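In what follows, a structure is listed as structure tokens, so that the remarks can point back to it.
What follows draws every value from the coordinates through simple rules; no lab data is involved. Since this is a predicted model, take the numbers as computed values, not measurements. Ideal geometry is used to build each Cβ from the backbone, glycine not excepted, and the neighbour counts take in all protein chains shown.
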Amino acid sequence: MTRLTEKRFGAGAMQLIVSPGYEQVTASWFSPDFWGRSAAPVSAGGRGGAWFIESDTSELVLRHYRRGGLVASLAEKTYFFTGFDRTRSTAEFNLLRKLRELSLPVPEPVAAITWKYRALWYRAAILVKRIPGAVTFAESECLEEATLWAEVGALIRRFHDEGLDHVDLNCDNILVSRGRIYLIDFDRCRLRAGVENSADAEWKRKNLDRLYRSVEKRCSRLDSEKRATCWASLLRAYQKKSS
């Protein structure tokens, strides 16, 4: 079971969820300033707002939730509050727990926080355990090897078979570490079941289309012919039924 605490201050409120084994986590851990030189900005992917953290006991990743696109110019870090259980940090924390229960390779969730303020708005952040030695898919030294692409395709199929709709599937959210592949960043993602998880579900095609666009942009060190060949290897592996 997770530890769930709710602290209230002034006209606002804060909810902190902490995984077992990380009882020392406090709200201060979600501020990069708290860590000083032990916090380093994550350079690859995203919209900023993520840091690698070196704590006394483990390496973590801190991510603040931020909007993209035109909406960000109006409210980059704030979201409409409809209850703590519906906040983006709580949703991603719970989803990560479920995915790990399914034995899928995702980061370990450490803690999630929601800050409510002005009655109708909130900000949020999440802490996950850092995957040792990981690089993004596009940065992998094995990027030119068709076997790596096949492994990615097979992994995506595993997630899809379990109903995971990764709405931001891109090269930066696929990590390669010590011969293993992981998916990360599950903000706004969800598990679909029943008829929503049919073999030809539209959301699965959209996930792959998004990844293909990312490959075209981020894997520029491969020429177009090589990218096409590698992408074909990914699709072949994806189309095989997971065992």
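Tabulated results
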| item | result |
| --- | --- |
| Amide H contacts of residue 164 (H built 1.01 Å from N, under 5 Å, at least 5 apart or other chain) | 192 |
| Cα long-axis angle, helix 202-218 against the chain (0 to 90 degrees, to the nearest 10) | 80 |
| C-alpha long axis of helix 146-161 to longest principal axis of the chain, angle in ° | 60 |
| Listed candidates (i) 7, 33, 40, 19, 1; (ii) 7, 26, 29, 22, 12, 3, 0; (iii) 7, 29, 35, 22, 7, 1 - label of the one calculated as P(r) over Cα pairs in 10 Å bins from 0, in percent | (iii) |
| Eligible aspartates and glutamates near residue 217 by straight Cα distance, threshold 16 Å, same-chain separation 8 or greater | 139, 144, 168, 172, 209, 225 |
| Entries in 129/240; 206/241; 98/240 that, when Cα-Cα distance is taken, lie over 28 Å | 129/240 |
| Sites excluded, trypsin sites (Lys or Arg not before Pro) in DSSP loops with at most 14 other C-beta within 10 Å, longest stretch of the chain | 48-117 |
| nm² value of the averaged projected area, convex hull over the Cα atoms of the range 65-167 | 8.5 |
| Derived scalar couplings ³J(HN,Hα) [the range 109-122; Karplus, 6.51 cos²θ - 1.76 cosθ + 1.60; whole Hz; x for Gly, Pro] | x, 9, 6, 9, 9, 10, 10, 9, 7, 6, 6, 10, 10, 8 |
